[in-house]
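To keep things clear, I will list the structure first and then write my remarks on it.
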Amino acid sequence: MLDKVESVAGQSGETGDTPREAAQPALHTIREAYWTLFVLGIVVTFTVLDRQILALMIEPIKQDYKITDTQAALLLGAAFSLPYAVAGLPIARLADRTNRRNLVAACIAFWSAMTVLCGLAQNFWQMFFARMGIGAGESGYGPATWSMVSDIFPREKVALATGTLAIGAQAGTGLALIIGGSALAFVEHIPVIELPLIGTMRHWQWAFVIVGFPGMLWALVVVGALSEPRRRGTAALAGIKRKSVPVKDVALYMYRDWRTYLGVIGGLSMKYLFGLGTTAWMPTLFVREFGWNLTKIGLIQGTLILVVGPIGLVLGGKLSEYLTHRGVPGANMKIVFYGMLLSVPISMIFPLLPNPWLVLGFYSLNIIISGMGSGPATAATQVITPNPMRAQVSAVKLFSTNVVAFALGPLIVALFTDYLFSDPQQLKYSMSLAAVVLGPLALLIVWQGLKPYARMYERTAAEFGE
């Protein structure tokens with residue numbers, strides 16, 4: 001199978017390099033690698049910022065659109081994640097054979113424009129379709145970004161690099177709350193206005209405009225400041241016209257080691273399922289349970305995420321690098337598993353605590369512990385997958401995490417609230433119950449893949465020659 005993959009990757013096009021040179025592309029400098037990581041980290045910040053800003057606005061959106069928790073959950077999850085999943089694989093196939101830098105730039109420009117449109121939406125369905133646009137646009141950044149990072153960093157540093165990228169995700173989550181809360185405070189005394197051809201602009205709608213516009217400018221930075229990395233792990237250079245590996249071959253490759261990919265992708269999806277459901281409803285929990293206003297919880301929760309989030313992400317990447325150098329089999333997946341072993345019980349407990357500061361304290365601890373597995377989880381997929389397949393396999397991972405986690409995570413919590421407890425004030429029990437039901441299942445799925453992953457890691461390290 002791997003021979004077939006290599007031959008597909010090397011077909012078509014001509015180059016002046018010798019076969020020996022083609023098989024061993026020049027390494028990127030440290031400066032190039034970290035500059036690329038910085039620019040792409042800002043891209044990740046924008047993607048999470050644009051998708052997460054909605055979580056802070058649930059209460060005013062419910063009031064103005066006159067919708068239920070379940071409808072709000074559809075805006076948070078399904079409206080974003082389903083088009084993300086549908087568009088992900090076709091765009092990933094482009095990332096496996098075309099210029100990834102240009103693809104990332106086009107994606108950020110599109111989803112940022114859709115975020116601005118969310119701010120102009122006048123009803124539930126207009127917001128729903130604008131969120132669909134964000135999802136479709138964001139589907140292309142992940143496979144292309146991870147593929148680029150895997151090409152510019154050595155194999156043992158991929159977990160640290162992807163963990164550093166995840167700092168951008170934490171920053172986006174934190175900034176969504178901070179900017180959203182600040183925007184609400186800023187426009188609080190601005191009267192509601194009527195715009196020609198658009199309609200009413202309410203206070204909360206300006207937050208979408210404020211966070212969406214800068215992303216369109218950053219797309220220009222991506223094009224102007226980055227170059228396309230040379231692809232490692234195949235005989236192909238970036239200048240060669242590449243043919244995308246057929247989906248059938250990608251599926252067969254994953255099926256051959258299905259337990260490994262079930263653990264790497266399925267376990268992570270289940271972790272996100274209850275984790276993102278909790279994160280999406282946190283601001284609403286503080287409004288309903290403790291009477292905090294949205295500005296207050298946005299600033300405090302956002303600052304906590306910005307401060308403590310990078311701690312776990314860096315620790316996880318460094319731990320992966322250390323264990324890999326020590327020759328620990330399957331280090332990445334072990335970090336993911338033991339981190340989940342600690343974070344699942346915390347997720348069950350903290351929504352039920354009677355004091356808001358205790359809730360925030362345990363929530364911060366959970367961010368650190370969960371974050372330790374983020375970089376290793378992404379790296380685990382990349383380092384066991386041949387280069388010509390990486391973007392497509394990443395798209396499968398994103399399909400799973402976005403359909404399972406983003407679509408269903410907030411929805412499950414909302415369904416518990418609307419139909420099991422039948423009381424919006426019982427949100428804390430819905431959040432805890434989601435972790436009780438889904439956490440042990442996530443642990444089981446990751447656990448069954450630990451040994452298969454360790455064996456596959458050792459085999460592919462020799463096969464890829466990296």
Here FRET efficiency (C-beta to C-beta, Ile349 to Gln122, R₀ 45 Å, nearest 0.05) is 0.65
Contour minus Cα-Cα span, Arg459 to Arg256, at 0.36 nm per residue, comes to 71.8 nm
Dividing the alpha-carbon radius of gyration of the stretch 338-416 by 2.2 N^0.38 Å, where N counts its residues, gives 1.38
Quick shape summary for the stretch 173-232, equivalent ellipsoid via Cα gyration tensor, semi-axes whole Å in descending order, reads 34, 15, 8
Whole-percent tail of the Cα-Cα distance distribution for the stretch 38-81, cut at 11 Å, equals 67 percent
For the stretch 109-217, the Cα gyration tensor yields equivalent-ellipsoid semi-axes (√(5λ), largest first, whole Å) of 34, 16, 9
Distance in Å, no decimals, from the C-alpha centre of the stretch 341-375 to the one of the stretch 83-114 is 33 Å
The chain: relative contact order from alpha carbon pairs under 8 Å, six or more residues apart, as a whole percent, is 28 percent
The Kirkwood hydrodynamic radius of the stretch 375-457, taken as the inverse of the mean 1/r over all distinct Cα pairs, in Å, comes to 15.0 Å
With -39,500 (n - 2.57) per DSSP H segment of 4 or more residues and division by the full residue count of the chain, the 222 nm estimate, nearest 500 deg cm²/dmol, is -24500 deg cm²/dmol
Restricting to Cα pairs under 8 Å and 6 or more apart, the percent relative contact order of the stretch 295-432 works out to 29 percent
Most packed first (mean Cβ within 10 Å per residue), the peptides 117-125, 359-367 order as 359-367, 117-125
Place a point 7 Å from the Cα of Glu194 in the direction of its beta carbon; the residues of the stretch 99-139 whose amide N falls under 20 Å from it are 120-124
With R₀ set to 41 angstrom, the calculated FRET efficiency between the beta-carbons of Asn102 and Tyr322, to the nearest 0.05, is 0.70
One can check that the equivalent ellipsoid of the stretch 270-376, built from the alpha-carbon gyration tensor with semi-axes equal to the square roots of five times its eigenvalues, has lengths in Å, largest first, of 30, 14, 10
Under the 7 Å Cα-to-Cβ spin-label approximation, Gln425 and Glu228 lie apart by a distance in nanometres of 6.0 nm
Taking R0 as 35 Å and r as the Cβ-Cβ distance between Val221 and Phe129, the FRET efficiency 1/(1 + (r/R0)^6), rounded to the nearest 0.05, comes to 0.80
Contact order relative to length for the stretch 351-466, counting C-alpha pairs under 8 Å separated by 6 or more residues, stands in percent at 32 percent
With a 22 Å threshold on alpha-carbon distance, the violating pairs from Lys248/Lys334; Lys271/Lys296; Lys248/Lys451; Lys271/Lys397 are Lys248/Lys334; Lys271/Lys296; Lys248/Lys451
Output for the stretch 99-207: GluC sites (Glu not before Pro) sitting in coil per DSSP, at most 13 other Cβ within 10 Å, listed by number, reads Glu188
Scattering profile of the stretch 37-177 from the Debye formula, Cα beads only, expressed as log10 I(q)/I(0) at q = 0.12, 0.14, 0.16, 0.20 Å⁻¹, is -0.49, -0.65, -0.82, -1.16
Taking every alpha carbon pair in the chain and sorting the distances into 10 angstrom bins from 0 up to the bin holding the longest one, the percent per bin comes out as 4, 21, 32, 25, 12, 4, 1
Listed with the fewest Cβ neighbours within 10 Å leading, Ile311, Ile152, Ile108 appear as Ile311, Ile152, Ile108
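Read the figures in this text as sums done on the coordinates, not as results from a lab. Note that the coordinates shown come from a computational prediction; the quantities given were computed from them, not determined experimentally. Glycine also receives a Cβ, built like all others from the backbone with ideal geometry; neighbour counts cover every protein chain displayed.
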